[in-house]
Amino acid sequence: MGSGYNCGGSYNCILMELRKETEYLIIHCAATKPSMDIGLTEIRKWHLDRGWRDVGYHYIIRQNGEVELGRRNDDMGAHASGYNHKSIGICLVGGMADDNSAEDNFTDRQWTALLDLVKQIQVEYNDINIIGHNEVSTKECPSFDVQKWKKDNL
């Protein structure tokens, strides 16, 4: 398998495996409460603390709509077991209510950024299947119905 350098964010470049195919765009949430204004730096730390080589997502969308680059688009992700070798992962910060239940609490700026980012990715990968993490796992992530969002927005 080939390799590439991940130089996203302010982290040192890390040698990563390149993804050989791209079938899916998987949308996630960070499972964070609305009071948690976090981004790439915090999520990267969480993933490194789990023993991962870097942040698992390719993109993180902060509450203010800022899109942060995690792994490079052509690097293999670490965000959806069984799908990392054939998918790109986007993570929206939020998705959890104050009582720790799943909640669609994303901001208007996040929705706008998500739509723009998905459209950009579709230009490069025109046949990509856009799904929620909950469609390939038992998790509630991303705390909204991705198929309904697609129907209403794309």
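Read the figures in this text as sums done on the coordinates, not as results from a lab. Everything quoted here is computed from the prediction, not taken from an experiment. Positions of Cβ are generated from backbone atoms using ideal geometry, with glycine treated the same way; all protein chains shown enter the neighbour counts.
A few remarks follow.
- Residue order, fewest to most beta carbons within 10 Å, for LYS139, LYS119: LYS119, LYS139
- Normalised contact order of the chain, rounded percent, pairs of Cα under 8 Å and 6 or more residues apart: 28 percent
- Residue-span extension gain [ASP152 to ASP37] - 0.36 nm each, minus C-alpha spacing: 38.7 nm
- Which of LYS151, LYS86 has the fewest Cβ neighbours within 10 Å, and the rest in rising order: LYS151, LYS86
- Each Lys and Arg adds +1 at its Cβ and each Asp and Glu adds -1 at its Cβ; summed about the Cα centre, the range 3-153 shows a dipole of about 340 debye.
- Among THR32, TRP52, HIS133 the positive-end extreme of the charge dipole of the chain (Cβ point charges): TRP52
- Value of Rg to Rh for the chain (Rh from inverse mean 1/r over Cα pairs, i.e. Kirkwood): 0.94
- Each residue in TYR24, TYR59 was given a count of other beta-carbon atoms within 10 angstrom of its own, and listing them fewest first yields TYR24, TYR59.
- Entries of LYS86/LYS139; LYS20/LYS119; LYS119/LYS148; LYS33/LYS119; LYS119/LYS151 with Cα pairs more than 25 Å apart: LYS33/LYS119
- On full extension, the segment bounded by ARG50 and LYS20 gains 8.3 nm, given 0.36 nm per residue less the C-alpha separation.
- The radius of gyration of the Cα set in the range 26-91, together with its Dmax, comes out at 11.3, 33 angstrom.
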